[in-house]
Amino acid sequence: MKAEIRKVVVQIDEIHSQMGRPVDPPTRRAVAMAVIANPFAGTYAEDLSDLSDIGLELGDLLGRRCVEALGIAPEAAHSYGKGVIVGDQGELEHAAAILHPKLGTSLRATVGGGAALIPSAKKMGGPGTAIDVPLGHKDAARVRSHFDAVEARIGDAPRRGEIVVAIAVTDSGRPAPRVGGLTLDQVVGTDGLV
């Protein structure tokens with residue numbers, strides 16, 4: 001099953017200054033969101049594989065939109081994350097079906113790999129509901145400088161029978177990180193942790 005998309009929204013968050021200190025180059029985070037019809041709105045279904053197929057489709061579409069918005073090569077992506085808001089005729093398991101079985105495969109392809117787990121969040125809500133999409137380094141989960149989140153929100157979504165799917169990609173970590181941990185030059189990127 002293909003996603004029935006009502007709209008796609010892409011936004012970029014650029015931080016140029018932190019506590020009065022310049023951030024050069026700016027820290028940039030892109031979020032791409034799709035508002036889709038929930039094919040299971042108002043009904044219970046044991047088999048949610050149609051939503052998993054939609055996740056595969058949207059991981060590619062939204063991941064590519066983020067990379068394009070940042071104007072980087074896929075391999076230059078640093079962090080990623082995913083989130084879903086389900087309208088009130090759905091259930092959290094609909095979000096899980098989109099996020100977990102297949103979406104990661106296509107998202108990793110759009111960012112040139114990704115050994116680390118893709119951080120995720122899911123919630124129920126109505127139009128204008130925000131979700132903080134968690135972020136982590138795409139190849140090494142222990143890179144603390146990349147522990148972050150970016151807010152995703154669409155003013156008119158999700159409606160009752162809709163779902164908002166959000167993907168976030170960055171070209172860097174937080175501005176002025178200084179809490180220690182694994183550094184970028186120490187990343188091995190094979191086990192998803194270091």
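Readers should treat all values here as calculations from the given coordinates under stated rules, not as data from a laboratory. Computed from a predicted structure; not experimentally measured. Note that we place each Cβ from the backbone using ideal geometry, even for glycine, and neighbour counts take in every protein chain shown.
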Scanning the range 70-91 residue by residue, those farther than 27 Å from Pro175 by Cβ and surrounded by fewer than 19 Cβ atoms within 10 Å (Cβ to Cβ) turn out to be Asp88, Gln89, Glu91
Hey, Val150 β-branched (Val, Ile, Thr), touching a Lys or Arg at 6+ places or on another chain (Cβ under 8 Å) and not in a strand (DSSP E or B) or not: no
With the requirement that a residue be among the hydrophobic types (A, V, I, L, M, F, W, C), crowded, with 18+ Cβ neighbours inside 10 Å, out of contact with any Phe, Trp or Tyr (no Cβ under 8 Å at 6 or more places or on another chain) and outside any helix (DSSP H, G or I), what does the range 14-64 give you? Ala30, Val31, Ala32, Met33, Ala34, Val35, Ile36, Phe40, Ala41
Residues that are more than 17 Å from the chain's Cα centre (by Cα) and of a type in the set (A, V, I, L, M): does the range 60-79 have at least one? yes
Answer yes or no as to whether Val67 is surrounded by 14 or more Cβ atoms within 10 Å (Cβ to Cβ), of a type in the set (Val, Ile, Thr) and not in a helix (DSSP H, G or I). no
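Which of the residues belonging to the range 166-192 are touching a Lys or Arg at 6+ places or on another chain (Cβ under 8 Å), closer than 29 Å to Glu57 by Cβ and not acidic (Asp, Glu)?
Residues of the range 166-192 that are touching a Lys or Arg at 6+ places or on another chain (Cβ under 8 Å), as a first pass: 166-172, 176-177, 179-182.
Now drop any that are not closer than 29 Å to Glu57 by Cβ, which leaves 166-172.
Answer for the range 166-192, where residues must be touching a Lys or Arg at 6+ places or on another chain (Cβ under 8 Å), closer than 29 Å to Glu57 by Cβ and not acidic (Asp, Glu): Ala166, Ile167, Ala168, Val169, Thr170, Ser172.
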